[in-house]
Each structure stands twice: as structure tokens, then as C-alpha cells.
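Notes for the one structure printed next.
The values are calculated or read from the model by the stated rules, or taken from the named source; none is laboratory data. For clarity, every value in this text was computed on a predicted model and none was experimentally measured. Positions of Cβ are backbone-derived with ideal geometry, glycine not excepted, and every protein chain shown enters the neighbour counts.
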Amino acid sequence: LVDESYRRIEQVDDKVEAFLTLDEERARLKAKELEQKLGTDEAKGLLFGMPIGIKDNIVTRNLRTTCASKILDNFNPIYDATVVQKLQAAESITIGKLNMDEFAMGSSTENSGFQKTKNPWNLETVPGGSSGGSAAAVAAGEVPFSLGSDTGGSIRQPASFCGVVGLKPTYGRVSRFGLVAFASSLDQIGPVTRTVEDNAYLLQAIAGLDPMDSTSVNVDVPNFVQSLTGDVKGLKIAVPKEYIGEGVKEEVKQSVLDALKILEKLGATWEEVSLPHSKYALATYYLLSSSEASANLARFDGVRYGYRSPNADTLMNLYKNTRAEGFGDEVKRRIMLGTFALSSGYYDAYYKKAQKVRTLIKQDFENIFEKYDVIIGPTTPTPAFKMGENTADPMTMYRNDILTIPVNLAGVPGISVPCGFSNGLPLGLQIIGKHFDESTVYRVAHAFE
Ligand code: GLN
């Protein structure tokens, strides 16, 4: 499998450009080592011998980790993220590190400081972002499994654009230790795969309480694979009218209605509902995520990690020049917005207000989940767009995440599973569940798939 993975990368990655760094020598050694176990009674890990690609904002010991930023070019972490340790325990094999929008800020992977990943279904369109490399690598058959991270849609939106399965787990389900923080109250690591079953296996391997991450939660990790029964009889589905309303493309709406018909045939029922505060989700998200980012990214000062500007005569100039030369435009935009929103005199009007609205958005979801098992809608309002089409206007780019962002603000789990095509480009169905109820999300996704 490892040989096949590198063969495929050799064949297609100069076109797709999903990988930033390969770990070929170590991966082949590891594969040889595991081969010894074949045909013996020795215990084998849950992901024994499975090739996996890792988003480049998840730290890997002695393996370059850049967050697709020039400021971390040639940064070699001294430890493995908890998820990476867990993958090693499950005996999967890391193939390499995957491209992304710089520090996970973006929806197209065009904000990478190094290269622009293409959508394997049509090389002129974007793979989505920020986990564009993770979704494209799986879609192109370079790896069967990858890890992404999702702060406002960064796993689900690229999964939708690339026709693969991507899950954002409940906030707290998977350890963030070793995930380079963008917005700590929203970030979650999650699996990207070809099928729902594969996805459940990968979540199984990485989920659970971690003493190194105080926001990881001590709840049971159920057997996700066992929940794939195919049975959705009696299941109650809510479809928010805001998710199939204005701004959502006709084919996208139709693909969701078609999916609902299939689920009805299988014995589920659905009703239209409302998430009345979702119209504030985008503004709330950009205030909160940028505020958190401005604090989190303060650590990149040219002293502790990565790039250091050679053109500095004073300490203050060292900070200034390193950050001016090291960060890309989008990252600077977020740092400025966040610093502004947190500054005295503006804090109450922006940051504090946004926190209050976040609570209202979370309550919208709680109200719906009192009566329904899952919420279903599209993952994105449109299929993948052309490269360059949205780069000039950040607001159009931001609107792409309008259907995924509320899920992060509420902290609940959400999956994107392929549900059709529009002009040869994949569409994704989003299934959203109750806190820590990934099992039901998977059950519905699997029955539909
Ligand atoms: N596209 C959104 C943003 O730019 C979400 C990114 C993410 O989930 N990491 O912030």
C-alpha cells in the first residue's frame, strides 16, 4: 500500500500539488517493519499498514511542519501531536504533509505560501480549503486516509468540493495538542476518507480524552464502526430553511432534496425548521476566530520558531520585519481585524457582543435537537469554483462557509458526504448531530451512501 501511495504521488502530484513534504524513507522502513508481522499471531493495530497524509498544521516530530507559511519554512517540531502518536499506536504509516491555506485561513488553499493545490475532478477549479491538500490527496487516490482541521468548515467544505467524506468531530472529541492553533475555541482535527466506514475507523483511532489538552472531554468513545447498521427507520431529520434558501444554487438544493427522498424511503422523516440566528454566524465567526488568531499567532516573533528576518537592527524591528516578511496577506488581515476587535474601547462592542451571539446560535441548535436526531443541508452553497475567481474579494470567499460555520460555533459534529454532481463537479450533503453523537451522524451518512 505504501509503494502504491508513492507511485500514485509520483504519477499525479505534479498536477494536483497536494503534498508539501514527503516522508518516504521512514514510511518505507516502517512498512518493512510491519511486514514482519504479516502471517503471524502478533497483535495488529486498528489501521495496520494504512498510508495516511497529515495536514501541515499538525506537528510531526522531525518532519517539516509549515502550516503552509513562510514563517515556518523549515520548522522541524520536536514532538508529535497526540493524534499522530495515536496513529502510530494504530500502526498507520505517515506518507507526508499536506498543503493548506496558510494557518488554515481560507476556503480554497490559494492562500498557501508555497503552492496552489488543484481539485482532481477539474484542475482549473479549487479543491476548497483550508484542508484542500487533505481532500485532494484522498480524491486523487494518493492516500486512502488523511487528517484535516476544521475551524469554520475546513474539513467539510474541501471534502464536498473533492467528492470525499470529511468529518468535523464534536469540539473536545479529538485532542488539539500539537495542532497549531488558529482559533482555539473552534478548531478540531478530523478524518478525510473515501467512505464513511473508513472515516469511522480513522475517528476511532484518534478520538478520546488527552491530559495534554484541557479542552478534550472525558466522555466514552463508542465503537463508531458498529454504529453503521444501515438502519435509519424512525429517525427525525430537521432541514433548516436558511440552508436551502437564498444564495444556495438550484442544483445544490435539488441534490439535498433527492438525498432526503432516499432517506425517507429508508424510513426516516423530515421537516423544515429554522435556525433564526444563522444569519449572524458569519460576522460572529470572523470576529471571534480573528480575535483568537491574533492572540495565538503572537508567538511567531522570529525568536522562538522558524523564520527570522535577517534585516533587523533592533529587537522591535526583528519582530516587525519577521512578521511582515513571514506572514501572507490573509493572515495579516485576520491579525489586524482580531487585534482591533480585542482592543480597549472596542472589546465590548465587538468581541463581547460576538460571544453573546455565539450563545444564541448554539441555543438554536439545542432547540432543534430537542425534537430531531440530525440536521441536514448542503455543505456549501455552490460546487467548487474556478481558481482565482474569489481571490480579489475576501467577502465572497468568506461567504462560502456560511453553512459550515454555525456548526463550529455550536461545537456539534458535522460530516460532508458526496451526494451528486453539478457539471462534473461533486456536491456534498452535510449531516449535523448532537454533541458527541458522531455515531448517529455516521449511521445516517452510511445509510445514505
Ligand atoms: N474558511 C474559513 C476561514 O477562512 C474556515 C477555515 C477553517 O475552518 N480553518 O476562516
Next on the checklist: For the stretch 154-187, give me each residue that is more than 9 Å from the ligand (Cβ to nearest atom) and part of a strand (DSSP E or B).
Outcome noted: VAL165, GLY166, LEU167, VAL174, LEU179
Checklist outcome for this item: Taking first residues from the stretch 52-69 that are among the acidic types (Asp, Glu) and second residues anywhere that are in a strand (DSSP E or B), the pairs with Cβ under 7 Å that are 6 or more apart or on different chains are ASP56/LEU20; ASP56/LYS97; ASP56/LEU98
Next on the checklist: Restricting to the stretch 95-113, and then to whatever is in contact with a strand residue (DSSP E or B) (Cβ under 6 Å, 6 or more places away or on another chain) and part of a loop (DSSP other than H, G, I, E, B), can you tell me which residue is farthest from the ligand (Cβ to nearest atom)?
Outcome noted: ASN99
Next on the checklist: Quick check on the stretch 146-153. Is at least one of its residues away from the ligand (no atom under 13 Å from the Cβ) and over 12 Å from the mean Cα position of the chain (by Cα)?
Outcome noted: no
Checklist entry - Given the residues SER130, SER134, which is the only one that is touching a strand residue (DSSP E or B) at 6+ places or on another chain (Cβ under 9 Å), closer than 21 Å to SER184 by Cα and assigned to a loop (DSSP other than H, G, I, E, B)? => result SER130
Checklist entry - Taking the stretch 434-449, which residues are surrounded by 24 or more Cβ atoms within 10 Å (Cβ to Cβ) and in a loop (DSSP other than H, G, I, E, B)? => result none
Next on the checklist: For SER291, only one of the following conditions fails: (1) under 27 Å from GLY377 (Cβ atoms); (2) in contact with a helix residue (DSSP H, G or I) (Cβ under 6 Å, 6 or more places away or on another chain). What is its number?
Outcome noted: (1)
Next on the checklist: Here is a list: LYS44, LYS15, LYS30. Which entry is in contact (Cβ under 8 Å) with a residue 12 or more places away in the chain, in contact with a strand residue (DSSP E or B) (Cβ under 6 Å, 6 or more places away or on another chain) and of a type outside the set (Phe, Trp, Tyr)?
Outcome noted: LYS30
Item to check | Check on ARG333, modelled with pLDDT of 95 or more, under 20 Å from ARG64 (Cα atoms), within 24 Å of the chain's Cα centre (by Cα) and surrounded by fewer than 17 Cβ atoms within 10 Å (Cβ to Cβ) | outcome: no
Next on the checklist: Which count do you get for residues in the stretch 255-304 that are within 16 Å of the ligand (Cβ to nearest atom) and β-branched (Val, Ile, Thr)?
Outcome noted: 1
Next on the checklist: For SER416, only one of the following conditions fails: (1) within 15 Å of the ligand (Cβ to nearest atom); (2) part of a helix (DSSP H, G or I); (3) of a type in the set (Ser, Thr, Tyr); (4) under 24 Å from ILE262 (Cα atoms). What is its number?
Outcome noted: (2)
Checklist entry - Which condition breaks for ILE78 when tested against (1) surrounded by fewer than 19 Cβ atoms within 10 Å (Cβ to Cβ); (2) of a type in the set (A, V, I, L, M); (3) more than 28 Å from GLY302 (Cβ to Cβ)? => result (3)
Checklist outcome for this item: Those residues of the stretch 104-154 which are in contact with a Leu (Cβ under 7 Å, 6 or more places away or on another chain), buried (at least 24 other Cβ atoms within 10 Å of the Cβ) and under 17 Å from THR66 (Cβ atoms) amount to GLY133, SER134, ALA137, SER146, SER149
Checklist outcome for this item: In the stretch 411-429, anything within 18 Å of ILE368 (Cα to Cα) and crowded, with 24+ Cβ neighbours inside 10 Å is listed as VAL412, PRO413, GLY414, ILE415
Checklist entry - Under 9 Å by Cβ, and 6 or more places apart or on different chains, what pairs join a residue from the stretch 323-343 that is away from the ligand (no atom under 13 Å from the Cβ) with one that is among the β-branched types (Val, Ile, Thr) and part of a helix (DSSP H, G or I)? => result ARG323/ILE71; ARG323/ILE335; GLU325/ILE71; GLY326/ILE71; PHE327/ILE71; PHE327/ILE335
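Can you go through GLU33, GLU42, GLU91 and tell me which one is among the acidic types (Asp, Glu), part of a loop (DSSP other than H, G, I, E, B) and exposed (fewer than 15 other Cβ atoms within 10 Å of the Cβ)?
GLU42
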